[in-house]
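Laboratory data are not the source of any read-out in this text; all were calculated from the coordinates shown. What you are looking at is a predicted structure, and each value in this text was computed from that prediction instead of being measured. FYI the Cβ positions are ideal-geometry reconstructions off the backbone, even for glycines, and counts take in every protein chain you see.
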């Protein structure tokens, strides 16, 4: 039954073992020069490979025509192999002769996420030193910042940046407390990812940059596509995995490394003798059964090993998606991830079915009149009410007026971020910017309700 | 220590719902299960009063529970449906012949008329014979394509208004992942639709779209419904198996992942400039197709010409093979003609 409608298109054809005719470079056809084998079958000589690797980067940026002459661009740097390659590519581009010279102004920013991963101050300090070392040969200004500043009261819960040469690790305990609330790593990782982006955006604002470059590779992109779908983030997929993330006006996040396979990055760094460090995600939680993101990454890495073309297919599929025409006329954004809200309850939708399920499981046959056709509207309210522990009513005043309850908060979050909120005990621990955005979105909604009768 | 039912009915719970994590007693679970399917049917406006509905019955758990629940809901809520069973006999010895016995049991138990259509009578080939030709590698392609069309033909034959299939939430989520993995953007867009409707074909509906597979098993188990559960004797579809294992692993980490994936699928949108296959009708059989000659006709042509691989793989490959065949035929025709001229 389950395979009705599946006409079993041929997929994942196992790659045949490379047919090697000596070791001739596929590009320049010179014999006995090939040193590089990509996708397990294509052979190139070192020179052709490097020319192509450089071209790919410039083409990705050039094709989009998003970066203009003199733009200030933040370059996110984590020290992992792909970010190391990206910074090297940019540096090469800056020192090219005039007509090929990259024409933007780069600023490197390293986001210290040590606190998010429970690293000691010493370890974080030593990572900072490593980062500084990786960058010291480049003539590009470099800064560091850290995610925990978003939670630091002393810092007004804002990001500040320091030149990488004299950055110091500051410890603030708040983030650890919040992270302790997460029951499972899936939601925690998703949350931290959003925080990292927030930190980058704030750093970009401080530096006057309107563009941000990040270094997700092909495998990163393919696993992000699959894991974001699994996290209920289908509606925002183009922002989260596309080449250009334009969810916020005035900022664009660009991902110029998306077409690079891990093998390409490896060869590139090897040929130029570039060192890299392990980033946070590779250090912790190596058990794939722990989180959706890690399981997916493992799944995609296995694919890359056995069915390399499937990884590219996943990436191409992602590139064909777009942000839906706003399904609400207010053009509302999620207070946490700032993606479009995808939570209007439509009849006969997954969201409505989930809400209805938890409603019927808690009310029982006697609880509702089973002859009443369940409607989307009533379900939402009942369901949200039953989820809240102490103060279910919207008008509940058991907290001070400024703080939103979890229920009030939920309205201003997208589907994916609601799953994050579900994990944590109360909304109090969320960073200030989330609460502020949720607060103002709630106010707007109230205002709208007041004048609703007069709107045409 | 016994857990009491989340629905506050006072009874002790006997199960934990995989979908919501709530502990329920048997009666409250039955009620919740049925009410949810009812809600899906009402919300999606799947049926109209007086509809004749064919339940696509394989004898497996999904279609057995679907037939049972549709009959029950039809009586409880007066949908006013006429329910019939429609089975496809692929001709797989040791698998379908056994499962059809279960369907016949359903026919007697639920008092629904049953029609069985076989690949043999529709296409002239049984799956056993097809596997003899193609081998075990691509046989699922034949089976899937033929079954899809066979259901359409059967529905037309019985002149029903709707076909109800037993696709459950796990199937839908799996299909979303599958379509991403094979880059099938057109199917990715339509695979989460609860009803498929297009010119000239009978709509198919999926009343169990939001029902977890595990809960279907639970429902059948507690209701003591007989169903047939054996893997197909031919190699299970390896590609789908890949996605299935992945989904099962995801579900272990976060049970809501199935609904989350469906949500993602429902809210995806495709860029305007992406070329989509248009729905046309097959020039040979007249049924819905996305190419001039539909997949089923191509596969059948391959079988009948002794070239079973004709329809396997990309459309361009098929077209190339077909062009070669035609030019070869033309050549032999003209050879014959010129040979005839000499006399």
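The table for this structure:
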{"read-out": "Relative contact order (%) - criterion: Cα under 8 Å, at least six apart; region: region A:94-223", "value": "25 percent"}
{"read-out": "Fewest-first ranking of A:36, B:52, B:180, using other Cβ atoms within 10 Å as the exposure measure", "value": "B:52, A:36, B:180"}
{"read-out": "Alpha-carbon centroid distance for the pair region B:244-267 / region B:93-117, whole angstrom", "value": "32 Å"}
{"read-out": "Packing-based exposure ordering (other Cβ within 10 Å, fewest first) of B:142, B:29, A:104", "value": "A:104, B:29, B:142"}
{"read-out": "For region B:277-325, average projected area of the Cα convex hull in nm²", "value": "3.2 nm²"}
{"read-out": "Relative contact order %, region B:45-274, counting alpha carbon pairs below 8 Å whose residues are six or more apart", "value": "24 percent"}
{"read-out": "For the protein assembly as shown: rounded, prolate or oblate by the Cα gyration tensor [a/c cutoff 1.5]", "value": "oblate"}
{"read-out": "Fewest-first ranking of A:420, A:451, A:140, using other Cβ atoms within 10 Å as the exposure measure", "value": "A:451, A:140, A:420"}
{"read-out": "Angle in degrees between helix B:238-253 and the longest Cα principal axis of chain B, rounded to the nearest 10", "value": "20 degrees"}
{"read-out": "Relative contact order of region B:134-208, defined on C-alpha pairs under 8 angstrom at six or more residues apart (%)", "value": "37 percent"}
{"read-out": "Cβ neighbours within 10 Å from other chains - mean over A:128-137", "value": "0"}
{"read-out": "Average partner coverage of A:339-347, which counts Cβ from other chains inside 10 Å", "value": "2"}
{"read-out": "Beta bridges by DSSP in the protein assembly as shown, antiparallel share as percent, to the nearest 5", "value": "35 percent"}
{"read-out": "Region A:66-320 shape via C-alpha gyration tensor axes, a/c threshold 1.5", "value": "rounded"}
{"read-out": "Angle between chain B longest axis and helix B:295-304 axis [Cα atoms, degrees, rounded to 10]", "value": "50 degrees"}
{"read-out": "Separation between Cα centres of region B:203-232 and region B:1-23, rounded to whole Å", "value": "21 Å"}
{"read-out": "Extension gain from residue A:181 to residue A:450, taking 0.36 nm per residue of separation minus the Cα-Cα distance", "value": "93.1 nm"}
{"read-out": "Prolate/oblate/rounded label for region B:45-274 (Cα gyration tensor, a/c 1.5)", "value": "rounded"}
{"read-out": "Average beta carbon contacts from partner chains per residue of B:155-167, 10 Å cutoff", "value": "1"}
